[in-house]
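Beneath this line is the structure, given in structure tokens, with notes to follow.
The values are calculated or read from the model by the stated rules, or taken from the named source; none is laboratory data. Computed from a predicted structure; not experimentally measured. Virtual Cβ from ideal backbone geometry, glycine too; neighbours counted across all protein chains shown.
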Amino acid sequence: MSCSPDMFPHPVKTYRSTPYDRIAPRNATFDGAGKTVVITGGATGVGLSVANSFAEAETSRIVIISRSATSQQKARVELQNRHPKTKVELFQGSIDNIYRIKEILNQVGTPDVLVLSAATSHKHVPTIQIPDDEMEENWNINVLAQYKIVMAHLAMPKPAGAQKTIVNVSSACGQLIVPGLTGYGPSKAAFTQMVSHLAAEYTPEKDGVRMLNFHPVRDKNADADKIATIVVDTLDTCLAKEDYEGVSRLVLKDGHWRDHLASSLDFRTVKGASNVIFFLQDNSAVEEIIIERDTDFRKPHFGPLNLNGDPENITFHVSFRASHGTGRGVFRLLDEGTGWVISTVFLSLQELGGDQEPEGTKRPDGPFDDEEKKIRNWQDRRTEANEFKERDPAALVVGAGQAGLMASARLKMLGVDTLAIDTNDRVGENWRRRYHSLVLHDPVYFDQMPYMPFPKSWPLYTPKDKLADWSEAYASTLELNIWTKTKLVSSQWDKGESKWTVELERTQSDGKTEKRTIRPWHIVQCTGHSGKKLVPEIKGMDSFKGDVLCHSSDYTGVSQEGHDIYRDYYEHGYAVKMVQRSSTCVVTSSSITNVGLADADLWLWGMPPELFKAQQSKVSGLQKDTDSEILKGLEKAGFKCDDGTDDSGLFVKYLQRSGGYYIDVGASQMIADGKIKVKHGQEITEITAHGLSFADGTSLEADEIVFATGYQNMRSQARITVGDEVTDRVGDVRGLDKEGEFRTIYRRSGHPGFWFFGGNFPLCRYYSRLLALQIKAIDTGVGARESGHYKVREGGGSKPSDDEVLVLN
């Protein structure tokens, strides 16, 4: 049989975003009087909305079929309160029990309209994780059960109105490709197609039957903005009145309020509407929140709550005004069937008071001296500023890698006089001296630094020496004050003056050594997000007679650094054996590159840690599907992989451990191919003269041994920087606290005037601003010192003493 493509009804290419007047419930041409409408799944969700629309059209009788008696009773109350003229009848039954459905239809009589809204869906997980019985259930209920109900209705006599109407409530998932909904989406599409075929066979003219597919979508233009406006306006009113119980009523029962220096000068994530009340009672700095509408991405729009496509929410960006500054944030609204409420709030401080960064119209004049307004040679002014001959820096940044550079740049932009020191001969040497084959494993989008983006022609993955040169150019272009070839000899905290006394030893350009004493308010340790290199103590290390026995930082483990070194050795003709004690989380760089990074920093850090971890668990599942072949090859080669902490993948493992992961750029394939051998799960018991011995009694000969065993906690380096007395007052660095925020790093360390700062490029780019804002707040008297949390001080004031503490609940 030959078929024209226009012969049968087919889905439109785009969804209409405004209602059709012709089928609006109050259209005079639509009269529900005397008609009976049966709705499966009519007690909740779309089915209940359909019931309300028919009731609004004054339909005489609405019959709801669903499984939950509780939901049915709630639906009856809602419908009868809104539409008292409509009779509502309730029947319990599951649509996959055709005998029960036929019994109900016979009792009701032939309905004028049959609406098929009931359906089922499996969990939204990678397809390989969907149990067979759930997959079968989706097809049985969403296709076969629906088909049987349609056939039962067609077999019934014509209703009093002489025409039967069958409406299939389809789903956008039946038209869109949604990874992880492999059973639900295709089953909805299959029945939608079946209805189209039946509609071509059973026509109003020939059979008195109309069959329709209905694709429920929201008005994605006006509604999202309207809903967001109502929520934010109500929130602003509550904040102005200090009605924090009113605020809590706008928040999902288990919603999250994430706050980075906005309501308080601290990092907080509060879970639960009731806890939001207590948080805002103690931290009431936010005064007004304004919806941003300058781009399509920022303005209110419907979309998935996360990258996995579930559940649908309204997302929008905001700006806010607080008593101590201004900032930006992200809101996510969710409708769980009782109306739109706030699922997550994220507010992040951007500016402190009237201190705007010198950009755009605020940029410096250039040739003029800042104070006397006299023209001076730029190089003379830079040399004078960098030497600190007649002044002390307010902040001393120890280390001039990416963390030190970004921290210095942010502090400079806030007017905090800053000196950075580094023991290397040049800025960027920390990259130049790394192993020869190193390229960054994060794509270029991740690795931008503030104020000076890479050129558009920059390679996707940055070579180490190119990044070293860029770091040097960054420091020069932004006029950062940096002393290279300088080491910190000693430091002493003066509690009375809230200042440090720091002894420095600096090698000048002529080779002479200069000793300098400076007195900064703050020391920021930027010597790497880890501490001293971690070299295991193993029996016999002194007896090794091979060519090399060293730590990977000087060039046996299996994280990022280790893999690259193994690959480098192999490519230079060595026979390489990898010793893996536990397991590693592995993903390919391509599976990371495909994750969108639009408005990356606000979007990324705006997700509360608990939800972010859950989302990353699903992302990890998708990455495993993408990387399945290489992962199978690794397992076959004896290399053990894991899915990260609580199956949450690489990113969460990095945030919590700073290790135990690998972004593959080639070494994994070498392992899978057997080019790099693996020894797994055995501790090294002894280093012998010509190799290693293991706990299982085996041994391995080696000419060179490299320990890629990672680094100690940042506190180990702090003992060198500020001594034991100060270090003993600070907590362990990195990892997450009970609210999911970083411990110790980026925030008050536990000792006044001492800060930890480090991490990868995205972490440093985002948190460098917040570090600088905290330091500026203390220096201007806006933020008070305390051992745990900050609280905004009214009206600023003089610099607080060490003993000034504000206790927060």
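In summary, strands (runs of 3 or more DSSP E) completely within the range 643-701 and bearing 3 or more residues that are at pLDDT 70 or above and either over 15 Å from LEU631 (Cβ atoms) or of a type in the set (A, V, I, L, M) (or both) occur at 676-680, 684-688, 691-694, 699-701. Screening the candidates GLN73, GLN146, GLN163 for the property of being assigned by TED's automatic domain parsing to the domain that holds ASP207 and more than 46 Å from the chain's Cα centre (by Cα) yields one hit, GLN163.
Assess whether TRP483 counts as being buried (at least 18 other Cβ atoms within 10 Å of the Cβ), in contact with a helix residue (DSSP H, G or I) (Cβ under 7 Å, 6 or more places away or on another chain) and under 19 Å from ILE523 (Cβ atoms). No: the conditions fail for TRP483. Answer yes if at least one residue in the range 740-761 is in a helix (DSSP H, G or I), assigned by TED's automatic domain parsing to the domain that holds SER408 and within 20 Å of GLY404 (Cα to Cα), and no otherwise. Looking through the range 740-761, at least one residue is in a helix (DSSP H, G or I), assigned by TED's automatic domain parsing to the domain that holds SER408 and within 20 Å of GLY404 (Cα to Cα). Scanning the range 112-159 for residues that are under 17 Å from GLY208 (Cα atoms) and in contact with a helix residue (DSSP H, G or I) (Cβ under 6 Å, 6 or more places away or on another chain) yields a total of 3.
Residues in the range 204-224 that are outside any loop (DSSP other than H, G, I, E, B), surrounded by fewer than 17 Cβ atoms within 10 Å (Cβ to Cβ) and modelled with pLDDT of 85 or more: PRO204, GLU205, LYS206, ASP207, ARG210, LEU212. A residue that is in contact with a strand residue (DSSP E or B) (Cβ under 7 Å, 6 or more places away or on another chain) and either outside any strand (DSSP E or B) or under 28 Å from TRP340 (Cβ atoms) (or both) cannot be found anywhere in the range 131-144. In the range 738-768, the residue that is surrounded by the most Cβ atoms within 10 Å (Cβ to Cβ) out of those that are over 26 Å from ASP442 (Cα atoms) and within 20 Å of the chain's Cα centre (by Cα) is GLU739. Among the residues of the range 239-262, is any assigned to a helix (DSSP H, G or I) and of a type in the set (D, E, K, R)? So far as the range 239-262 goes, yes, one or more of its residues are assigned to a helix (DSSP H, G or I) and of a type in the set (D, E, K, R). Filtering the range 147-182 to residues that are in contact with a Phe, Trp or Tyr (Cβ under 7 Å, 6 or more places away or on another chain) and of a type in the set (Gly, Ala, Ser) leaves only SER170. Within the range 67-75, does at least one residue satisfy the condition of being surrounded by 12 or more Cβ atoms within 10 Å (Cβ to Cβ), closer than 23 Å to SER171 by Cβ and at pLDDT below 85? Scanning the range 67-75, I find no residue that is surrounded by 12 or more Cβ atoms within 10 Å (Cβ to Cβ), closer than 23 Å to SER171 by Cβ and at pLDDT below 85, so the answer is no. For the range 721-732, the criterion of being at pLDDT 85 or above, closer than 27 Å to GLU610 by Cβ, in the same structural domain as LEU504 (by TED's automatic domain parsing) and not in a helix (DSSP H, G or I) is satisfied by at least one residue. Only one of the listed residues (LEU333, LEU280) is buried (at least 22 other Cβ atoms within 10 Å of the Cβ) and outside any strand (DSSP E or B). That residue is LEU280. Has the range 416-437 got any residue that is surrounded by fewer than 18 Cβ atoms within 10 Å (Cβ to Cβ), closer than 22 Å to ARG769 by Cα and at pLDDT 95 or above? Looking through the range 416-437, at least one residue is surrounded by fewer than 18 Cβ atoms within 10 Å (Cβ to Cβ), closer than 22 Å to ARG769 by Cα and at pLDDT 95 or above.
Conditions (1) surrounded by 11 or more Cβ atoms within 10 Å (Cβ to Cβ); (2) in a loop (DSSP other than H, G, I, E, B); (3) in contact with a His (Cβ under 8 Å, 6 or more places away or on another chain), marked per residue:
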residue	(1), (2), (3)
VAL341	yes, no, no
GLN350	yes, no, no
PRO358	yes, yes, no
LEU396	yes, no, yes
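Against the definition (closer than 30 Å to LEU352 by Cα, in the same structural domain as GLN717 (by TED's automatic domain parsing) and either surrounded by 22 or more Cβ atoms within 10 Å (Cβ to Cβ) or of a type in the set (Gly, Ala, Ser) (or both)), how does ALA468 come out, yes or no? Considered against the rule, which asks whether it is closer than 30 Å to LEU352 by Cα, in the same structural domain as GLN717 (by TED's automatic domain parsing) and either surrounded by 22 or more Cβ atoms within 10 Å (Cβ to Cβ) or of a type in the set (Gly, Ala, Ser) (or both), ALA468 comes out as no. Across the range 169-203, the number of residues qualifying as in contact with a Lys or Arg (Cβ under 9 Å, 6 or more places away or on another chain) and at pLDDT 90 or above comes to 3.
In this structure, does LEU347 turn out to be within 22 Å of TYR767 (Cα to Cα) and touching a helix residue (DSSP H, G or I) at 6+ places or on another chain (Cβ under 6 Å)? Judged against the criteria, LEU347 is not a match. Within the range 447-478, the set of residues being aliphatic (A, V, I, L, M) and in contact with a strand residue (DSSP E or B) (Cβ under 6 Å, 6 or more places away or on another chain) comprises just one member, ALA475.
For the range 97-118, a residue qualifies if it is surrounded by fewer than 22 Cβ atoms within 10 Å (Cβ to Cβ) and among the β-branched types (Val, Ile, Thr), and the qualifying residues are ILE98, ILE104, VAL108, THR110.
Among residues that are under 23 Å from THR727 (Cβ atoms), in a helix (DSSP H, G or I) and in contact with a helix residue (DSSP H, G or I) (Cβ under 6 Å, 6 or more places away or on another chain), ALA407 is included.
Please tell me if TYR474 is among the aromatic types (Phe, Trp, Tyr), in the same structural domain as GLY758 (by TED's automatic domain parsing) and not in a loop (DSSP other than H, G, I, E, B). So TYR474 fits the description; yes.
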